[in-house]
Amino acid sequence: MTEAIHTTNLNAWYGKTHALKNIDMTVENNKITAIIGPSGCGKSTFIRCLNRMNDLIDGFSTEGEILIRGKDIKDTDPVALRKKIGMVFQKPNPFPKSIYENIAYGPRIHGINKRELDSIVESSLKKAALWNEVKDRLNDNAMELSGGQQQRLCIARALAVGPEIILFDEPCSALDPISASKIEDLMIDLKEKYTIVIVTHNMQQAARVSDSTAFFLMGEMIEFGDTKQIFKKPREKSTEDYITGRFG
């Protein structure tokens, strides 16, 4: 199966506010899918539907279907779902614990023993391109790391529980250009083993890292397709206007 995620007629509401309107979308395995659009257009709402993070918000409701690997997420326990679908947020949010404990926390909850934990911590930090920078200071507080290192630590933390899909919600917006570039390179490396969905305001970033791009506007998905096509020859005028900076 090449489909990692498939949504059909996905609608979402915060109370009476209609935040997503009839979203039909297919995200392919081992690809990077970017979601672009102005603030408040539904980008973050969409990805938080995929791992049921929005379920935690009072008054939030959805209609329609979300399939992950062909299975309806309504039939999946939310905790198990979030193990399968990792998430990295806009601002780095390491726990105020050691670097080691940040990575070990999730696997330990799932019953992994100490010997395995050491291996998971090392492999997760290597996958997040952070191991060489922190291998001699694993007991240091994670809050002492730079912003870019903290974000890579959060990526390593997401990888530690063995997800299949990783959601990135504006992962570079709080970082300097050099740190952002490292995160972009990392995402490109990670797609060999993981399916990635990234919400970004940065058009250049979407163009650089993604295979497919969706343009959202006022809760609707206006256009979705190959990234090169979206950026070079969008079908919809509103997509072109947004990409060329006429609004947003």
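General observations
- Scanning the range 192-208 for residues that are under 19 Å from I36 (Cα atoms) and not aliphatic (A, V, I, L, M) gives T195, T200, H201, N202, Q204, Q205, R208.
- Scanning the range 119-141 for residues that are outside any loop (DSSP other than H, G, I, E, B), within 22 Å of E184 (Cβ to Cβ) and not β-branched (V, I, T) yields a count of 8.
- When A142, A158 are checked against the criterion of being in contact (Cβ under 8 Å) with a residue 12 or more places away in the chain, in contact with a strand residue (DSSP E or B) (Cβ under 8 Å, 6 or more places away or on another chain) and under 18 Å from R48 (Cβ atoms), A158 stands alone in meeting it.
- Residues that are in contact with a Ser or Thr (Cβ under 6 Å, 6 or more places away or on another chain) and under 13 Å from N139 (Cα atoms) within the range 79-106 comprise just one, I103.
- A158 being modelled with pLDDT of 95 or more and touching a helix residue (DSSP H, G or I) at 6+ places or on another chain (Cβ under 6 Å): no
- Pairing residues of the range 163-191 that are of a type in the set (S, T, N, Q) with residues that are crowded, with 16+ Cβ neighbours inside 10 Å and not in a loop (DSSP other than H, G, I, E, B), at Cβ distances under 9 Å and at least 6 apart in sequence or on separate chains, gives S173/A180; S179/G148; S179/Q149; S179/Q151; S179/R152.
- Listed by position, the strands (runs of 3 or more DSSP E) enclosed by the range 1-109 that each have at least 1 residues that are touching a Pro at 6+ places or on another chain (Cβ under 7 Å) are 85-88.
- If only residues of the range 95-126 that are within 15 Å of L145 (Cβ to Cβ) and touching an Asp or Glu at 6+ places or on another chain (Cβ under 8 Å) are counted, the one that is surrounded by the fewest Cβ atoms within 10 Å (Cβ to Cβ) is F95.
- If you go through the range 16-70 and keep only what is surrounded by fewer than 18 Cβ atoms within 10 Å (Cβ to Cβ), of a type in the set (G, A, S) and closer than 27 Å to I243 by Cβ, you end up with S39, G40.
- Odd one out for D241 among (1) of a type in the set (D, E); (2) out of contact with any Ser or Thr (no Cβ under 9 Å at 6 or more places or on another chain); (3) over 14 Å from P38 (Cα atoms): (3)
- For the criterion of being in contact with a Phe, Trp or Tyr (Cβ under 8 Å, 6 or more places away or on another chain), surrounded by fewer than 20 Cβ atoms within 10 Å (Cβ to Cβ), in contact (Cβ under 8 Å) with a residue 24 or more places away in the chain and not in a loop (DSSP other than H, G, I, E, B), A214 fails.
The values are calculated or read from the model by the stated rules, or taken from the named source; none is laboratory data. On a predicted model such as this, the values are computed, not experimentally measured, just so you know. All Cβ positions, glycine included, derive from the backbone under ideal geometry; neighbour counts span all protein chains shown.
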